[in-house]
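Written below as structure tokens is the structure these notes are about.
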Amino acid sequence: MRGARVVQKLSSTWGFARVAPHVVPALDRAVHRLTRGKVLLSAQLLPGVVLTSTGARSGLPRRTPLACMPEGDGRGWILVGSNFGRPGHPAWSHNLLAHPDAEISWKGRDVPVTARLLTGEERAAAWQALLRFWPPYAAYQARVEREIRVFRLVRR
């Protein structure tokens, strides 16, 4: 538990927000590819998926490793557009808004999903669950003026 607290504290810093977006996804993609979709390096701390969405402008497939909060029934996942607490929504969230049908790689399996942006009370409830799941999300939200996007993915 102590190690998790250290990682949470570290991931809440600006330094992490500057470096992680350039390092973590590249490492995740490489390890995911080398293990044929069975391992995500960042998933050693948090559950993770590789999201394959359709580019909002290009229409091309875009693969993005992301932390996720699996929902209890095993049929859904919550994704957080925190962008490591940096200004601006992450590109993958724009892609899901434009093209909600996507695919995730979850524990080595490809799963077709549909994404829905959460709003209002539904978002508020999910946000509280996310803060219990990974407290650094509070620091990320405090650093930015935008409301961090929260999506629910469900199997198609």
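The values are calculated or read from the model by the stated rules, or taken from the named source; none is laboratory data. Source: prediction; values computed, not measured. Backbone-built Cβ (ideal geometry, glycine too); neighbour counts: all protein chains shown. With ligands, DNA and RNA removed, areas are computed over all heavy atoms of the protein, side chains included. Shrake-Rupley method; radii C 1.70, N 1.55, O 1.52, S 1.80 Å.
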*Using modelled amide H (1.01 Å from N, peptide plane; none on Pro or chain starts), what sits under 5 Å from the amide H of residue 68, excluding residues fewer than 5 places away?*
48, 49
_Kirkwood hydrodynamic radius over Cα pairs of segment 61-143, then Stokes diffusion coefficient at 37 °C and 0.692 mPa s, in µm²/s_ = 238 µm²/s
*Go through segment 118-128 residue by residue and turn each phi into a ³J(HN,Hα) via Karplus (6.51, -1.76, 1.60, θ = phi - 60°); whole Hz please, and just put x for glycine and proline.*
8, 9, x, 5, 5, 5, 4, 5, 5, 4, 4
*Residues whose placed amide H lies under 5 Å from that of residue 106, excluding near-sequence neighbours*: 111
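On a full-extension model of 0.36 nm per residue, what is the gain between residue 107 and residue 46, subtracting their alpha-carbon distance, rounded to one decimal in nm? Walk me through the numbers on the way to the answer.
On the way: separation 61, 0.36 × 61 = 21.96 nm, distance 1.27 nm.
Stretched fully, the residue 107-residue 46 segment lengthens by 20.7 nm.
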*How high is the relative contact order of segment 82-127, given as a whole-number percent (alpha carbon pairs under 8 Å, six or more residues apart)?*
24 percent
*FRET efficiency for residue 62 and residue 129, Cβ-Cβ distance as r, R0 = 25 Å, nearest 0.05?*
0.40
*Please turn the phi angles of segment 102-108 into ³J(HN,Hα) values with the Karplus equation 6.51 cos²θ - 1.76 cosθ + 1.60 (θ = phi - 60°), one per residue in order, whole Hz, x for glycine and proline.*
8, 9, 10, 9, 10, 6, x
*What is the gain in length, in nm to one decimal, between residue 121 and residue 146 on full extension, counting 0.36 nm per residue of separation less the C-alpha to C-alpha distance?*
7.2 nm
*Quick one: with all protein chains in place, what share of the accessible area of segment 69-113 is carbon or sulfur, to the nearest percent (1.4 Å probe)?*
49 percent
*Would you kindly derive the ³J(HN,Hα) couplings of segment 140-156 from the backbone phi angles with the Karplus curve 6.51 cos²θ - 1.76 cosθ + 1.60 (θ = phi - 60°), listing them in order in whole Hz, with x for Gly and Pro?*
4, 5, 5, 7, 10, 7, 6, 7, 5, 6, 10, 10, 10, 9, 10, 4, 8
